[in-house]
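Chemist: Just dropping this structure here.
The values are calculated or read from the model by the stated rules, or taken from the named source; none is laboratory data. No experiment lies behind these values; they were computed from the predicted model shown. Cβ coordinates were reconstructed from backbone atoms using ideal geometry, including for glycine residues, and neighbour counts include every protein chain displayed.
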Amino acid sequence: MAEDIWTLNLECDGAAPGQEHVQREIDRDELCFFHLIGLIKEFEYKSIDYLYYKRRDSLVAIQWDTDVMEMLQENESNKNISLFVTRQRMAIIAPTKSTKEPTKSAPMKS
């Protein structure tokens, strides 16, 4: 079977100098949650730290193999994934698209 090589761009929040941005190439068959945890452990992170992948306009937490499979499906066309790891949990707010007009508040009375 032919190799299906993907590029992982890992941004490590709080990593040692020179290890903040790492790029790895990996065969798709090896991409799973367990392998990603092994990757972040190389940079002194632990399995309890927080790993995310970047969507077009948000970050998505990776906690299970199902999250990795979703990430792979979303990036199948370019085979390039941006990952972010941190020791602190992040509040992730996905942008919303609304067709509603903003409401206007009543003028303040003096």
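Chemist: Scan LYS97, LYS46 and give me the residue that is more than 23 Å from GLU20 (Cβ to Cβ), loosely packed, with under 12 Cβ neighbours inside 10 Å, among the basic types (Lys, Arg) and at pLDDT below 95.
Modeler: From the options LYS97, LYS46, the qualifying one is LYS97.
Chemist: If you scan region 32-52, which residues turn out to be farther than 10 Å from VAL68 by Cβ, in a helix (DSSP H, G or I) and in contact (Cβ under 8 Å) with a residue 12 or more places away in the chain?
Modeler: ILE37, LEU39, ILE40, listed by residue number.
Chemist: Would a scan of region 71-83 turn up a residue that is at pLDDT 95 or above, of a type in the set (Ser, Thr, Tyr) and in contact with an Asp or Glu (Cβ under 9 Å, 6 or more places away or on another chain)?
Modeler: The answer is yes; a qualifying residue exists.
Chemist: Can I ask one more? Looking only at region 54-66, count every residue that is in contact (Cβ under 8 Å) with a residue 24 or more places away in the chain, over 17 Å from MET90 (Cα atoms) and not aromatic (Phe, Trp, Tyr) and tell me the total.
Modeler: Total meeting the criteria: 1.
Chemist: So is GLY14 closer than 18 Å to SER82 by Cβ and more than 15 Å from the chain's Cα centre (by Cα) or not?
Modeler: Values: closer than 18 Å to SER82 by Cβ: yes; more than 15 Å from the chain's Cα centre (by Cα): yes.
In short, yes.
Chemist: Just to verify a result, which residue in region 49-70, among those that are surrounded by 13 or more Cβ atoms within 10 Å (Cβ to Cβ) and over 11 Å from the mean Cα position of the chain (by Cα), is modelled with the lowest pLDDT?
Modeler: Once the filter is applied, the top-ranked residue is ASP49.
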